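Below: one structure, written as structure tokens.
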Amino acid sequence: MLVDKQAAGASTSRACVVHSRTLEVLRELKVSEELASRGLIVPRFTVRDRDRVLMTITFDDLPTDFPYTLMIPQDSTERVLLDRLHALGGQVHRPYELTSLAPDGDGVIGAMTTGETIRAGYAVGADGMHSTVRAHAGIGFTGDTYAQSFVLADVHMDWHLPQTEVMLYYSPAGLVVASALPGGRHRIVATVDDAPEHPSAGFVQELLDEPGPEQQPARIRDVVWSSRFRVHHRLADHYRAGRMFLAGDAAHVHSPAGGQGMNTGIQDAAALADRLIAVLRDGASDTVLDGYEAERRPVAAEVVALTHRITRIATIDSVPLRKTRNALLHALDWIPAVQHSLAMKLSELS
Ligand SMILES: Cc1cc2nc3c(=O)[nH]c(=O)nc-3n(C[C@H](O)[C@H](O)[C@H](O)COP(=O)(O)OP(=O)(O)OC[C@H]3O[C@@H](n4cnc5c(N)ncnc54)[C@H](O)[C@@H]3O)c2cc1C
């Protein structure tokens, strides 16, 4: 049984990058082609200092049937997955909120805000950063919070650079990422020391003006959706406690740099589902489920470390160190093995 406390699925764009490995995993659910047809195929990622390209990472020679990043808003991805769930006869019961969860013989028992209880063989907490399942499983969530806020904005703008590229600009406050979205919109993500709750077109314009392209500057026409949020880097101490499991943001949260959050979560869910099917349908031993943490926690640890490194490097304060960083990146750009290794990491194929 699938329950969600929200009355309806979220309707905002949030995570807009779907990586190669996620598309490989989702192909088994027969949704990758549908996602690709709705999204924008982007085979390149560049790091830029104004008009100068410091580093180019290309995805089009990756060993996969999906050699690109797919730009598609999270509400569209969720819609495609939900339609597939319905087509297979499943449904999400909502609004249905879990308030507590406890072991119960050879299963678990969950209490809902309605006063009802649900008994099940296993519980999977895919219930986000403030996970109720994680709290009741007694699993720690170790890490910290970044000093900066992140601004996200989906905008209409005049932009003269290619639609086939995600661009990361270093700015005095950290980083600004710009990329095209389907439907003529662009996504801007930026680190800022302080931001209004709903950043305006003027605010986003200023974020782009200083680090963005100088020869043909961007001009924001309007903001479709914007948000500000604090980012944490945290990893659950365990992915399993008895018959309770964690997946997605319940198990790991990190900087949006690199767009790894939703991707890692989807891959957790797919890996855990395979193991649960092996136990529940094919009669494998329960110990198969122990392998889930061994398989997925190191992946999240690496994603937390990688995105932390990208964020730390982007938010270097000292001007001489920034110059050194830029020179180093430019030098690394000449080494194909470095580019390939980064492409493998960002696409989650490694
Ligand atoms: C503003 C914003 C922007 C983001 N941008 C990016 C980005 O650019 N790139 C990126 O990779 N990631 C981004 N993320 C993160 C990305 O959205 C998450 O990684 C992803 O949504 C995690 O999915 P999840 O299902 O694990 O958790 P969530 O999306 O948090 O979903 C948890 C679900 O559990 C339900 N739930 C919670 N508690 C209970 C309960 N007690 N009972 C029943 N149901 C419950 C909630 O209603 C919700 O539907 C962003 C997130 C936000 C908020």
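Testing ILE277 on (1) part of a helix (DSSP H, G or I); (2) under 25 Å from the mean Cα position of the chain (by Cα), one condition comes back false. Which one is that?
Going through the list (1) part of a helix (DSSP H, G or I); (2) under 25 Å from the mean Cα position of the chain (by Cα), ILE277 breaks only (2).
How many residues does region 102-141 hold that are more than 9 Å from the ligand (Cβ to nearest atom), surrounded by 13 or more Cβ atoms within 10 Å (Cβ to Cβ) and within 28 Å of VAL304 (Cα to Cα)?
So the count comes out to 9.
Return only the number of the condition from (1) outside any loop (DSSP other than H, G, I, E, B); (2) within 11 Å of the ligand (Cβ to nearest atom) that VAL155 does not satisfy.
It fails just one condition, (2).
Considering region 171-203 alone, what residues qualify as being in contact with a helix residue (DSSP H, G or I) (Cβ under 6 Å, 6 or more places away or on another chain) and away from the ligand (no atom under 14 Å from the Cβ)?
GLY174
Could you name every one of the strands (runs of 3 or more DSSP E) located completely within region 1-70 that has at least 2 residues being over 19 Å from the mean Cα position of the chain (by Cα) and surrounded by 13 or more Cβ atoms within 10 Å (Cβ to Cβ)?
44-49, 52-58
Would it be correct to say that SER131 is touching a helix residue (DSSP H, G or I) at 6+ places or on another chain (Cβ under 6 Å), at pLDDT 90 or above and among the polar types (S, T, N, Q)?
The answer is yes for SER131.
Taking only pairs six or more apart or across chains, which ones have beta-carbon atoms under 9 Å, a first residue in region 198-218 that is free of Cβ contacts under 8 Å to residues at least 60 places away in the same chain, and a second residue that is surrounded by fewer than 13 Cβ atoms within 10 Å (Cβ to Cβ) and of a type in the set (Asp, Glu)?
If the second residue must be surrounded by fewer than 13 Cβ atoms within 10 Å (Cβ to Cβ) and of a type in the set (Asp, Glu), the pairs left are ALA201/ASP222; GLN216/ASP51; GLN216/ASP158; PRO217/ASP158.
What pairs can you find where one residue is in region 74-100 and more than 20 Å from MET112 (Cα to Cα), the other is of a type in the set (Val, Ile, Thr) and within 14 Å of the ligand (Cβ to nearest atom), and their Cβ atoms are less than 8 Å apart, with a gap of 6+ or different chains?
GLN74/THR12; ASP75/THR12; THR77/VAL18; LEU82/VAL92; LEU85/VAL92
Sort through ALA284, ALA251 and tell me the only one that's within 15 Å of the ligand (Cβ to nearest atom), over 27 Å from VAL42 (Cα atoms) and at pLDDT 95 or above.
ALA251
The values are calculated or read from the model by the stated rules, or taken from the named source; none is laboratory data. This is a predicted model, so every value here is computed, not measured. As a convention, Cβ positions derive from the backbone with ideal geometry for all residues, glycine included, and neighbour counts pool all protein chains shown.
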